[in-house]
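Comments concern the structure below.
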Ligand code: T1G
């Protein structure tokens, strides 16, 4: 036997236990002894049944993602599953934790699957730009039906044990000791003495398939794929399960998998999987995290209310503070309404809503923050106001409480210096809506204590956020790079591109929407206020704001939104305004194609990321990718701006930046030294702080 796979016998039932922390991934050093154990037990008359179980916190959570892109060592998972299906005696998977990907496929090779109540089962390969490559696209439909299988595989979303039981994916859900009851279950199955039909030979559910309805479902899912190949391949593979004999469908699945696993999109999405986990690791030795039992939020507006919900959703008691009863009640009413909407949509039970609302305390008295272990300020974006707030917090917060500002731009060092406890101070830059958006930029100020940083980084993951530690500069990582990406926007319009042409270049690239549609959604008045505060102007956008055209909320912005519609409609008045401004500035208009639009927006984005790396504002290039994918919708199939720079070719980016720098003289096109180094070495790690 091996350290990773052990076999024990329990009253004639063989229990094969996999023990490969942390998630029992099916690495080669698991697959080989597992295959050998199953082959031996198949022929061992003393084993009347076989149970496959896992030690630790979860059943097998998948193939070992770190092995992709390397030579595959035999036996592969498919061989293990094929072996399982030659075993005549009952085989049972005992599932706890998350049976995902290859883990669920291993379980599908068994005759039976049993779980505890907390188990989750899913095939999330699509999130890695893949499809289930261990027969999941052919076996799952045979148990749950083609439509359910299609939904599970294309979404990649796991289902609960009870849902899996209802869908016939699971045979029993046990209370109490899972393994003991699984052994008993296996023994009972063995005593039946009947033949056990492997999943591959169960075709009844498939025979029920309404192919036209299936195709309609697949077409709808395809429309949402937004340029990603994996969802389409998943749908094709499940359709093959319906229309082809088992082995032909299995072979087709293999071909689709091999094509995806070697493609750029899967490489990009696997990069992001590990990048998110790296970003949450604070460089340096492990530090003792502080205990966070209660969170105080100052400000019950859009951001404060969203932040309060994010913590309540994570199970934390929240004290929500406002200056007076009226804004406090308004904030609480908004929170209640948001939860009510979730209940009406079925994404939250009424019981869960009440439980979360029960976590809220509301107050207009700073003294009520005294028992909070983390206090987050989300008040008006003004330095004087922030300092006044933290002056009051400083006077009431208990020693060791962590103080956080939600500022988007302001200097966290300056705010920290205004308190008596700069070591406890940091930034928690949430993205609106704060209860929904995953990204959380954790701003490490000069004096922020390591344990405070480690505490909030761990806390972020516990409330379902994707944390990235960033340094102090104007706009930190995301918004600073957003400014670089948008620096050419008005020049492109003045030189002849229509807002819709710029936006289309972005959506064709894979962004959810382009900068002008995004501006109308967010409200043009917000960036207008920011520009004025910094003494900056934007010829066209300022005029739109002066005309009260703030975007969707006023029915007019870069586009028209008739009678409250959300779909943007090109506005001839805006196009006329652009032409007039161009004429006033003596700028000749010309056709501008999508390639130029992307060069003049996305290359400065990458370039700013390189500067951020060089200045140590981000610790890793992959951290910047995590920010842009989780906070700004950078297409996951391209891995984030820094990963994409590698796909695009950094030398080409440098060459084109130099061209536009010669053409315009604008600093946003001046290639950063770190980008030049990347172009030579092919690795961002060569950047001094990268
Ligand atoms: N392979 C290798 N490492 C993995 C891994 C995996 N499948 N899953 C997790 N890890 C590492 C992770 O990088 C981290 O490492 C540590 O385990 C803890 O993970 C043939 C082709 C299971 C829900 O996509 O969703 O099977 O940072 O921080 O928050 O069809 O891990 O500690 O060094 O995420 O408690 C399909 C991926 C694979 C599941 C646990 N399976 N994993 O979440 O811990 S492809 C997946 C997860 C496949 C077959 C196909 C989560 C989790 P480190 P963590 P967590």
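The values are calculated or read from the model by the stated rules, or taken from the named source; none is laboratory data. None of these values were measured; they are calculated from a predicted model. Cβ: placed from backbone, ideal geometry, glycine included. Neighbour counts: every protein chain shown.
Going through segment 634-671 one residue at a time, which ones are more than 15 Å from residue 600 (Cα to Cα) and surrounded by 15 or more Cβ atoms within 10 Å (Cβ to Cβ)?
Listed by number, the residues that qualify are 634, 635, 636, 637, 638, 639, 640, 642, 643, 644, 646.
Note on segment 12-31: residues that are crowded, with 17+ Cβ neighbours inside 10 Å and farther than 17 Å from residue 70 by Cα total 9. No other residue among 187, 191 is in the same structural domain as residue 74 (by TED's automatic domain parsing), away from the ligand (no atom under 16 Å from the Cβ) and surrounded by fewer than 16 Cβ atoms within 10 Å (Cβ to Cβ) apart from 191. Contact map, segment 651-667: residues that are in the same structural domain as residue 598 (by TED's automatic domain parsing) paired with residues that are in a loop (DSSP other than H, G, I, E, B), Cβ distance under 6 Å, separation 6+ or inter-chain. Pairs shown: 654/671; 657/671; 661/670. Restricting attention to segment 522-540, the residues that are at positive phi and either touching a strand residue (DSSP E or B) at 6+ places or on another chain (Cβ under 8 Å) or part of a helix (DSSP H, G or I) (or both) total 1.
Taking segment 126-137 as the range and being surrounded by 24 or more Cβ atoms within 10 Å (Cβ to Cβ) and within 7 Å of the ligand (Cβ to nearest atom) as the test, the residues that pass are 128, 130, 132, 133, 134, 136. Looking across segment 400-416, the residues that are in a loop (DSSP other than H, G, I, E, B), farther than 13 Å from residue 296 by Cα and within 29 Å of the chain's Cα centre (by Cα) come down to 407, 408, 409, 410, 411.
Could you please find all residues in segment 112-125 being surrounded by 24 or more Cβ atoms within 10 Å (Cβ to Cβ), in contact (Cβ under 8 Å) with a residue 60 or more places away in the chain and within 14 Å of the ligand (Cβ to nearest atom)? Across segment 112-125, the qualifying residues are 119, 125. Return yes or no: is residue 221 in contact (Cβ under 8 Å) with a residue 24 or more places away in the chain, exposed (fewer than 13 other Cβ atoms within 10 Å of the Cβ) and over 21 Å from residue 262 (Cβ atoms)? In short, no.
Residue by residue, here is whether (1) outside any helix (DSSP H, G or I); (2) farther than 30 Å from residue 40 by Cα; (3) modelled with pLDDT of 95 or more holds:
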position: 113; (1), (2), (3): yes, no, yes
position: 121; (1), (2), (3): yes, no, yes
position: 127; (1), (2), (3): no, yes, yes
position: 143; (1), (2), (3): no, no, yes
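Give the residues of segment 634-669 that are assigned to a loop (DSSP other than H, G, I, E, B) and in contact with a helix residue (DSSP H, G or I) (Cβ under 9 Å, 6 or more places away or on another chain), sorted by residue number. Can you show your working first?
From segment 634-669, those assigned to a loop (DSSP other than H, G, I, E, B) are 634-635, 639-640, 649, 665-666; that's our starting set.
Scanning segment 634-669 gives 634, 635, 639, 640, 649, 666.
Give the residue that is surrounded by the most Cβ atoms within 10 Å (Cβ to Cβ), with candidates limited to residues of segment 141-158 that are free of Cβ contacts under 8 Å to residues at least 40 places away in the same chain and within 14 Å of the ligand (Cβ to nearest atom). Restricting to residues being free of Cβ contacts under 8 Å to residues at least 40 places away in the same chain and within 14 Å of the ligand (Cβ to nearest atom), the top hit is 152.
Against the criterion of being touching a residue at least 12 places away in the same chain (Cβ under 8 Å), within 16 Å of the ligand (Cβ to nearest atom), assigned by TED's automatic domain parsing to the domain that holds residue 430 and in contact with a helix residue (DSSP H, G or I) (Cβ under 7 Å, 6 or more places away or on another chain), residue 304 does not qualify. If you go through segment 176-202 and pick out every residue that is under 18 Å from residue 81 (Cα atoms) and under 38 Å from the mean Cα position of the chain (by Cα), you end up with 5.
Could you pull out the residue among 347, 342 that is surrounded by 13 or more Cβ atoms within 10 Å (Cβ to Cβ) and farther than 21 Å from residue 460 by Cα? Show your work before the answer.
Working: 347 fails: surrounded by 13 or more Cβ atoms within 10 Å (Cβ to Cβ).
After applying the criteria, what remains is 342.
With respect to residue 257, is the statement that it is surrounded by 14 or more Cβ atoms within 10 Å (Cβ to Cβ), more than 15 Å from the ligand (Cβ to nearest atom), under 30 Å from residue 202 (Cα atoms) and in contact (Cβ under 8 Å) with a residue 60 or more places away in the chain true?
Working: surrounded by 14 or more Cβ atoms within 10 Å (Cβ to Cβ): yes; more than 15 Å from the ligand (Cβ to nearest atom): no; under 30 Å from residue 202 (Cα atoms): yes; in contact (Cβ under 8 Å) with a residue 60 or more places away in the chain: yes.
Here the answer is no, as residue 257 does not meet what is asked.
Given the condition within 28 Å of residue 479 (Cβ to Cβ) and at pLDDT 95 or above, answer yes or no: does some residue in segment 529-540 qualify?
yes
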